[in-house]
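As structure tokens, the structure follows; a few thoughts come after it.
Derivation of every value follows stated rules applied to the coordinates shown; laboratory data play no part. Since this is a predicted model, take the numbers as computed values, not measurements. Cβ coordinates were reconstructed from backbone atoms using ideal geometry, including for glycine residues, and neighbour counts include every protein chain displayed.
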Amino acid sequence: MSEPFVAVKDLRKDFNGQKAVDGVSFTIDKGECFGLLGPNGAGKTTTIRMLATVLAPDGGDAAIGGFSIKNQADKVREIIGVCPQDLALYEEMSAVDNLIFFGKMAGLSGKEAREQAAANLRLMELSDRGKDKIQKYSGGMKRRVNLAIALMGHPQLLFLDEPTVGIDPQSRNKIFETIQNLQKQGITVLYTTHYMEEADHLCKRVAIIDGGQVIAMDSPYELKKKIGNPDTVTLEHVFLNLTGRSLRD
Amino acid sequence: MKNALAIALREIKSYLQDRGDLAFSLLLPVVTFALIYGAFGGQNLFHGTANIVNEDNGPFAQSLLNTLEHNNSLTVKILKASDAEAKLGRSDIIQLMVIPADFSSKLAAGQPAQITFKQRGNGGQEGQIVYSIENAAISDLNMGFQVQAVVSQALDGTGISTSVIFNTVQQAVATEKTSPSVSIREDLTGSLPDPVGQFLPGIITMYVLFSITIGARAFAEEKRKGTLERLLTTRITPGQLFTGKFLAGMGRGFVQTVILLVLSYAVFHIFTPLSFLEVIGLSLVFAAAGGAVGMLIASVARTPDSANWIAVFFTMGTVMLGGTFFTLTKGTVIYTLSRFSINTYANQAFKALVARSGSFTDVGVPFIILAGVTVFALLISRRLFSAVSGQR
């Protein structure tokens, strides 16, 4: 059996004494789309921030493509792409300029960045609006640019942190299609979302995280089977069953 | 370095694409320059206003007013007593001369008369000069009366009429004014200190300090946009990010200063080609110091607003302590504090180069201090950035 592309082991992070991530462990195979699900404040984004080398973990470690996030962060950053939960764009610049800039930051030459920017805009069906400033874009278009930027530099692992929040069905569908195409190309995806049907549809396996700990991890089908008939039970039922119905603000 | 330049270029591109920001920041030096030209471009001589309340309207009061009106450095403004007091109270005017109602009658009767001179505080530079001119006119008038009294006393009992004595003395005084017994020969050495040269250093330092505010917002703006975290997941190193942000902040402050200097060079001709290059070089080093201090603020500021306020507070402090607006007296506490203001060293150096036509060798110490501040502030800000944000 081949080594997992991502191996997270006992990852921990405290903020002012509060455990945000408390011993999270999981693995992701190369080319797999892995879902990280959980209510607000469960620790999903903190986990992604540590894996993306933005935050230093207080304990544990993770290997991405064989590189430690603690000791080989520079190497990790060479093979990842991040699509953050909040839009991270320069609104005063055009989409193509945003893509070229982040492409250069991802290690591409000027020529490569321009070529890949054009390709990614085509992929997101934004070629005709590429020279418009981002501030003129709709929410769905901005989300697509946000994803297009994450793809600059040909990452091997893509972090998609709630990439479809607040957008129209057409843009969401476009993002789904893109993720499925990426999987076909062998790109590994770590996906977080509050939309359970998205995870059910896209992810081969999901981990449900609450209170900073993984409370369940399996394929959506197996998780559904544990609480009833997998053809009638939804992943949302599983989620509510495991995390409870109390509000998390 | 390639990544750092890409960061700086992106900042500059954003700046150039924001037309409002661009127009404002590039027009500002042009407007400042126009104001300097308006203030100093036409004339260098002093000109002030003598505010006078004339409650007398007699011949001696009129004689005094005539003397003042003939002075080319003064504009005589006659005010009503009530208006004048109100204006002085509101600081609309800063000095006032009051000729009392009995002024001429007392002098005609051979009695002493008194003119009142009022001013707010020390009257400022203009008030003091106007006072000197008025005082000189009063002294001339006084001299006439004193001479007349002495001559009248000496000729008492000789049968010469008072009117003959008065007319003769007045003629003698008038002759003394036009052909004085003791004259002054003017021996000019060089030209008058150029007001543009005197004020330009302060204005330059103000412009360069824009680097602080621009630099201070560097990370807070990226945090607000969410792009800071995204950048930190790319191959760019924190050092490259710092360098890029520093270059962008420094560059914008420097460009504005260069516009001001080029206009000053072209219109006022206060530079030689060499001194112009020296001032440009000094501006670059000062902009670097300002940009580095801006990065220091950027490293601890959590929001663009807090970055702005810290930068404004720092800029105001450094300008006040730096001797831009007023000269600091040696030995005072504020003078000691001024040694910690980068503006102090920049002002010293700019004054040496612009106002005193010095060369680069005259500004070695301030130059080294500003360069040292740049390096020190960049090193500290880099450490603070990691410590405060908890990021790499």
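Using the Cβ of residue A:5 as centre and a radius below 9 Å, the other residues enclosed give a net charge of -2, where K and R count +1 and D and E count -1. Over the stretch B:247-392, Cα pairs under 8 Å with separation of 6+ residues give a relative contact order of 30 percent. Each of B:176, A:198 was scored by other Cβ atoms within 10 Å of its Cβ. Arranged with the fewest first, they read B:176, A:198. Remark: mean inter-chain Cβ contacts per residue of A:149-157 equal 1, using a 10 Å Cβ-Cβ cutoff to other protein chain atoms. The share of C-alpha pairs in the protein assembly as shown whose separation exceeds 49 Å stands at 41 percent.
Rounded to two decimals, the Cα-based Rg/Rh of the stretch B:278-392, with Kirkwood Rh, is 1.02.
Distance between the pseudo-spin-label points of residue A:118 and residue B:357 (7 Å out from Cα toward the beta carbon): 6.0 nm. The label-point distance for residue B:167 and residue A:170, in a model that sets each label 7 Å from Cα toward Cβ, rounds to 10.7 nm. Here is the P(r) of the stretch B:218-367: all C-alpha pair distances, binned every 10 Å from 0, give 10, 32, 32, 19, 7, 0 in whole percents.
Extent of the stretch A:45-162 along its three principal axes (Cα atoms, max minus min coordinate, largest first): 46, 28, 21 Å. With the helix formula -39500 (n - 2.57) applied to DSSP H stretches of n ≥ 4, chain A reaches a computed 222 nm mean residue ellipticity of -10500 deg cm²/dmol.
If you plug the beta carbon distance of residue A:226 and residue A:29 into 1/(1 + (r/R0)^6) with R0 = 22 Å, you get a FRET efficiency near 0.50.
Tally Lys/Arg at +1 and Asp/Glu at -1 over every other residue whose Cβ is under 13 Å from the Cβ of residue B:251; what's the total? That sum, taken over residues with Cβ under 13 Å, equals +3. Result for chain A in a Gaussian network model with C-alpha springs under 10 Å: among A:129, A:205, A:77, the largest mean-square fluctuation is at A:129. When both the stretch A:4-33 and the stretch A:199-238 are represented by their alpha-carbon centers, they are found 18 Å apart.
Exceedance of the 29 Å cut-off in Cα-Cα distance is limited, within the set A:75/A:174; A:44/A:224; A:204/B:225; A:75/A:184; A:111/A:131, to A:75/A:174; A:204/B:225. Say the dipole of the protein assembly as shown comes from +1 at the beta carbon of Lys and Arg and -1 at that of Asp and Glu; which of B:345, B:214, B:271 then lies farthest toward its positive end? Working it through, the farthest residue towards the positive pole turns out to be B:214.
A Gaussian network model of chain B, with springs between Cα atoms under 10 Å, assigns the largest mean-square fluctuation among B:83, B:140, B:21 to B:83. Just report the Cα centroid separation between the stretch B:240-267 and the stretch B:3-30, whole Å. About 10 Å separates the Cα centre of the stretch B:240-267 from the one of the stretch B:3-30.
Label zone of residue A:204 (point 7 Å out along Cα→Cβ, amide N under 19 Å): in the stretch A:42-64 this covers A:63-64. Distance from the C-alpha centroid of the stretch B:289-359 to that of the stretch A:143-184: 48 Å, rounded to the whole angstrom.
Taking a Cβ cut-off of under 15 Å around residue B:116, the surrounding Lys, Arg, Asp and Glu residues balance to a net charge of -2, with basic ones at +1 and acidic ones at -1.
Around the amide H of residue A:61, modelled in the peptide plane, lie the amide H atoms of A:9, A:11, all under 5 Å away and 5 or more residues distant in sequence or on another chain.
Panel order for B:53, B:182, B:147, B:354, by other beta carbons found within 10 Å of each beta carbon, from fewest to most: B:182, B:147, B:53, B:354. Our helix-only sum for chain B, with -39,500 (n - 2.57) per DSSP H run of n ≥ 4 divided by its residues, gives a mean residue ellipticity at 222 nm of -22500 deg cm²/dmol. Placing +1 on each Lys and Arg Cβ and -1 on each Asp and Glu Cβ, with no other charges, gives the protein assembly as shown a dipole about its Cα centre of roughly 1780 debye. Over all pairs of distinct alpha carbons, what does the Kirkwood formula give as the hydrodynamic radius of chain A, in Å? Result for chain A stands at 18.6 Å. Give the calculated FRET efficiency between residue B:158 and residue B:105 to the nearest 0.05, with a Förster radius of 22 Å applied to their Cβ-Cβ distance. After rounding to 0.05, the efficiency reads 0.20. Amide H contacts under 5 Å for residue A:213: A:22, restricted to partners 5 or more places along the chain or on a different chain, H placed in the peptide plane at 1.01 Å from N.
Between residue B:375 and residue B:66, full extension at 0.36 nm per residue minus the direct alpha carbon distance yields a gain of 104.9 nm. Charging the Cβ of each Asp and Glu at -1 and of each Lys and Arg at +1, and nothing else, the dipole of chain A about its Cα centre rounds to 280 debye. A Förster radius of 25 Å combined with the Cβ-Cβ distance from residue B:174 to residue B:87 puts the calculated FRET efficiency at roughly 0.10. Rounded to the nearest 20 debye, the dipole magnitude of the stretch B:220-310 is 360 debye, with +1 charges on Lys and Arg beta carbons, -1 on Asp and Glu beta carbons, and the Cα centre as origin. Normalising the Debye intensity of the stretch B:1-152 to I(0), with uniform scatterers on Cα atoms only, and taking log10 at q = 0.16, 0.18 Å⁻¹ returns -0.94, -1.09. Karplus-based coupling profile of the stretch B:273-290, in residue order and whole Hz: x, 5, 5, 4, 5, 5, 5, 4, x, 5, 4, 5, 5, 5, 4, 5, 5, x, with θ = phi - 60° in 6.51 cos²θ - 1.76 cosθ + 1.60 and x standing for Gly or Pro. Here's how it looks for residue B:49: its modeled amide H is under 5 Å from those of B:75, which are all 5 or more places away or on a different chain. Label-to-label distance for residue B:139 and residue B:224 is 6.1 nm, based on points extended 7 Å past Cα in the beta-carbon direction. Taking other Cβ atoms within 10 Å as a rough exposure proxy, B:206, A:152 sort from fewest to most as B:206, A:152.
In order along the stretch B:154-171, phi translates into HN-Hα couplings of 5, 9, 4, x, 8, x, 6, 6, 4, 5, 5, 4, 4, 5, 5, 5, 4, 4 Hz, rounded to whole numbers, per the Karplus curve 6.51 cos²θ - 1.76 cosθ + 1.60 with θ = phi - 60° and x for Gly and Pro.
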